[in-house]
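> Okay, here's the structure, questions in a sec.
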Amino acid sequence: MRYVDGYVLPVPKKDVQAYRRMAQKAGKIWREHGALEFRECVGDDLNVKMGMPFPPMIKLRRGETVFFSWVVFKSRADRDRVNAKVMKDPRIAKMMDPNSMPFDHKRMVYGGFKILVDA
């Protein structure tokens with residue numbers, strides 16, 4: 001069964017294009033190492049009335065937007081293998097300096113998920 005890593009993170013609106021460039025590079029690396037999909041989605045309709053909106057959930061600050069993103073793998077074992085390779089890739093290491101990231105990595109929400117319904 002396919003497996004998904006999902007994450008939600010705040011990005012300053014002024015840094016959306018820098019984040020996009022970083023994500024495009026990262027997506028290419030994840031796909032090279034075996035990920036099936038790599039998606040980065042920027043918030044568009046965040047002030048919803050239903051449930052808990054993303055902004056208060058991640059303590060969105062003035063001038064920020066939310067990214068909702070995921071990576072799809074063949075299985076959890078494959079995810080572990082792919083992520084291990086990605087983390088050793090020198091191209092990713094260049095992007096991992098917390099001082100140069102175009103988002104607040106301390107407020108990133110992340111987890112691994114089994115697919116329950118695939119309709």
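Every read-out reported here was derived from the displayed coordinates using simple, explicitly stated rules and does not represent laboratory data. Since this is a predicted model, take the numbers as computed values, not measurements. Cβ: placed from backbone, ideal geometry, glycine included. Neighbour counts: every protein chain shown.
> Restricting to Cα pairs below 8 Å that are 6+ residues apart, what does the relative contact order work out to for the chain? Please round to a whole percent.
Relative contact order of the chain: 50 percent.
> Next up: Take each of the peptides 4-15, 93-104, 55-66, average the number of other beta-carbon atoms within 10 Å over its residues, and list them starting from the highest.
4-15, 55-66, 93-104
> A follow-up question, please. Write down the radius of gyration of the range 3-100 and its Dmax, each obtained from C-alpha positions, in Å.
Every Cα atom of the range 3-100 included, Rg and Dmax give 14.7, 43 Å.
> Rounded to the nearest 500, what is the chain's calculated 222 nm mean residue ellipticity when only DSSP H runs of at least 4 contribute -39500 (n - 2.57) each, over all residues?
-10000 deg cm²/dmol
> Can you sort 105, 33 so the residue with the fewest Cβ neighbours within 10 Å comes first?
The most exposed by this proxy come first: 105, 33.
> Could you sort 36-46, 73-83 so that the peptide with the highest average Cβ count within 10 Å comes first and the rest follow in order?
73-83, 36-46
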